[in-house]
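Some notes on the structure that comes next.
Values quoted throughout were computed directly from the atomic coordinates according to the rules given, and no laboratory measurement underlies them. Here the structure is a predicted model, which is why all the values come from computation and not from measurement. Reconstructed Cβ throughout: ideal geometry from the backbone, glycine too, with neighbour counts over all protein chains shown.
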Amino acid sequence: MRRKFLFIILLGVLCLSINIQTRAQEKNYDFYNYIYPSWFENAKLGIMIHYGLYSIPSYSDKEQYSEWFYKGLITGDSLRINFQKDVFGKDFQYFDYMKLFKAEMFDANEWAKLFKASGAKYIVFTTKHHDGFCLYPSAYTKYNSMNTPSHRDFVGELAEAVRKEGLRLGLYYSLMEWTNPLFRWSIDNEGIERYVSEHMVPQFKEIVDKYRPSIVFADGDWDFSYKTLHSEEMVQYLYDRVGHNEAIVNNRWGQGFKYGHKTPEYSSGIKEKLVPWAECRSLSRSFALNRNSSIEDYMTPEDLIQHFVQLVSLGGGLMLNVAPSADGQIPMLQQERLLQLGQWLEINSEAIYNSTAWIKNCEDQNLVAELDTPVIDFDWVRNGPVKGASEDNFSIDWHGEVTPDASGMYTISLEADDEAGIIINHKGKQIFSNIAKKDTSISNTIKLKKGETYEFSIFYKEKDVDASCHLYWSYKAGEKKPIMADNGWKGEISWQTPYVCFTQNNANLYAISLQKLGKTLDIQLERRPEADMKITLLGNEEAYLPWQYTNGHLVIDLSSLSPAEIKSNYAWTFKLENYLR
């Protein structure tokens, strides 16, 4: 009885001890209580850089990320496999690119000066992507840049250079690796615990200790919970080493993680006031350099500047990715875009840096463009259906006549990632109709006759993130093929786009016109300005512009402006001084 009593006491003490330890460990994760540092939200513009072994082949389909080249080899992507075989030889393996990684033109100081000139306030450099190759001398893998002909610590060199230019250092770190010996991500499910505790967490702490980054951009988290990934331990480690008034992380630390700045990717931005955010996108459709891209795949300076303005007007920022070539140079087209953005910011900076979203983000206009295509078989992963169209929140109506070559049963399939529908008419009568409100997978079998014409109407409405729409048919349960209209599919795409965006800074309201300036600019303002409000065009602050206010419309008279007084290109900022006082 006594032994039993002592056992109960000891068990109670043990449970109490475990409970105290658990609560102590939970208390250690106090980063949840930290206020996000203001510098990040005020910065508005950062530069992300994707550079690694994948920069040597620099190849993928136009709508693919070329930094996923290794993944294509693993999963049997014939495009990438055949490219590597044809260019580098049939026995060439992915990590053989280490023998070719010379980076002979890499100059961290040149990069840093370019990023400074772009107007960026911070950079985010890839320490390790999903392939597991590190751009610094990691003690946890032989696949690092010190074991290449370059024999360089790229992270260390760039960290020193950007800090010398007054920029903050951020680091991208992939939590997962496709073929790590401890755990092969997305290939098998064995070993995740050992991989996390023996490799990932120690390696993460290694980059924090070596480089003390102000930002860590985690990625590759989507298959696991943040508990499995020990994300709280890593995030707390960063804050303890760098300081909670300086450090910030993104929100990609595993399922269920409720902290970090948001990272919409290739989007039209988001409306979020409680948590800072910065959209991440490249100047083209791939984060790493893709030599299979064409000039049309790159943002024009107008695209870049106007998109940036829209993001800032929504209260966010832009993490703009550049993609160096294998030799370490940033291609000239990308350099030009960065400098064009920097020139615009030099004139319009007071409307951007440290600004916040106003009660009204922008004034929109409706736009329509015609489409003409042989089939409806699209994946608009990182672009819109036509140049200049919104990548989110658009709708398309297609119409086409289809004449079957044979009579019989046809299975009609419409697959889309958002709302879509199909209507088929024959001789003035509707014979088929189906509209889905969410992710669409419509499939119905109907009887069609040879030589007779059927009128198809297809509707598609994209909301956000990826956009895809595919119209197929199969004859007598045969192969599924895209449906070709007799004279092509004619259609219209419609979307809304801002023509004026707003930001606020101190007591001033800024109206940024995305349309070329005419004789006047008409802005809708609910509150009447004070009579002594002064309006100037940034870049020409000496000249006050006449204005009138009538029935909720502020009309600014621009007739006195000469072409020489209009210094900006692509977007023009009007300062409404003390409008918000």
Using the crude model of +1 on Lys and Arg Cβ and -1 on Asp and Glu Cβ, and no other charge, please compute the dipole size for the chain relative to its Cα centre, in debye to 20. 1540 debye
Packing-ranked peptide list from 253-259, 303-309, 366-372, highest mean Cβ count within 10 angstrom first, is 303-309, 253-259, 366-372
Calculate log10 I(q)/I(0) of the range 263-338 for q = 0.21 Å⁻¹, where I(q) comes from the Debye formula with a single equal point scatterer on each Cα and nothing for solvent. -0.92
Once the Cα gyration tensor of the range 41-348 is diagonalised, what are the square roots of 5 times its eigenvalues, in whole Å and ordered largest first, as equivalent ellipsoid semi-axes? 27, 25, 19
Relative contact order, percent, the chain [alpha-carbon distance under 8 Å, six or more residues apart]: 13 percent
Which whole-angstrom value gives the distance between the alpha carbon centres of the range 539-564 and the range 229-244? 51 Å
Given backbone amide H placed at 1.01 Å from N, residues whose amide H is under 5 Å from that of THR440, ignoring those fewer than 5 places away on the same chain, are ALA416, ASP417, ASP418
Proxy exposure order for HIS261, HIS151 (fewest C-beta within 10 Å first) is HIS151, HIS261
When the Kirkwood hydrodynamic radius is evaluated over all pairs of different C-alpha atoms of the range 364-496, what value in angstrom, to one decimal, is obtained? 15.2 Å
Residues whose modelled amide H sits under 5 Å from the amide H of LEU509, counting only those 5 or more places away in sequence or on another chain, are LEU576, ASN578, TYR579, LEU580
In whole Hz, with x marking every Gly and Pro, tabulate ³J(HN,Hα) for the range 220-225 from phi via Karplus 6.51 cos²θ - 1.76 cosθ + 1.60, θ = phi - 60°. x, 9, 5, 8, 9, 7
Kindly write out, for the range 186-197 in residue order, the coupling ³J(HN,Hα) from the Karplus curve 6.51 cos²θ - 1.76 cosθ + 1.60 (θ = phi - 60°), rounded to whole Hz, with x marking Gly and Pro. 6, 9, 9, 10, 9, x, 4, 5, 5, 4, 5, 7
Roughly how many Å is it from the Cα centre of the range 400-468 to that of the range 138-182, as a whole number? 50 Å
Residues meeting the amide H criterion for ARG168 (H placed from the backbone, H to H distance under 5 Å, 5 or more places apart or on another chain) are TYR122, ILE123
Convex hull volume per residue for the chain, taking Cα atoms only, in Å³: 236 Å³
Candidates per trypsin sites (Lys or Arg not before Pro) in the range 350-458, loop by DSSP, up to 11 other Cβ within 10 Å: LYS387, LYS427, LYS437, LYS438, LYS450
When ARG285, ARG184 are ranked with the fewest other C-beta atoms within 10 Å first, the list becomes ARG184, ARG285
I'm a student and want to see the number: the projected area of the Cα convex hull of the range 73-223, averaged over all directions, in nm². 10.2 nm²
Protection proxy ranking of 190-197, 227-234 - average other beta-carbon atoms within 10 Å, highest first: 227-234, 190-197
Structure shown: which of LYS85/LYS128; LYS461/LYS490; LYS128/LYS164; LYS273/LYS387 lie over 18 Å apart, alpha-carbon to alpha-carbon? LYS85/LYS128; LYS128/LYS164; LYS273/LYS387
Got a sec to turn the phi values of the range 447-458 into Karplus ³J(HN,Hα) couplings, 6.51 cos²θ - 1.76 cosθ + 1.60 with θ = phi - 60°, whole Hz, x for Gly and Pro? 8, 10, 10, 4, x, 9, 9, 10, 9, 9, 10, 10
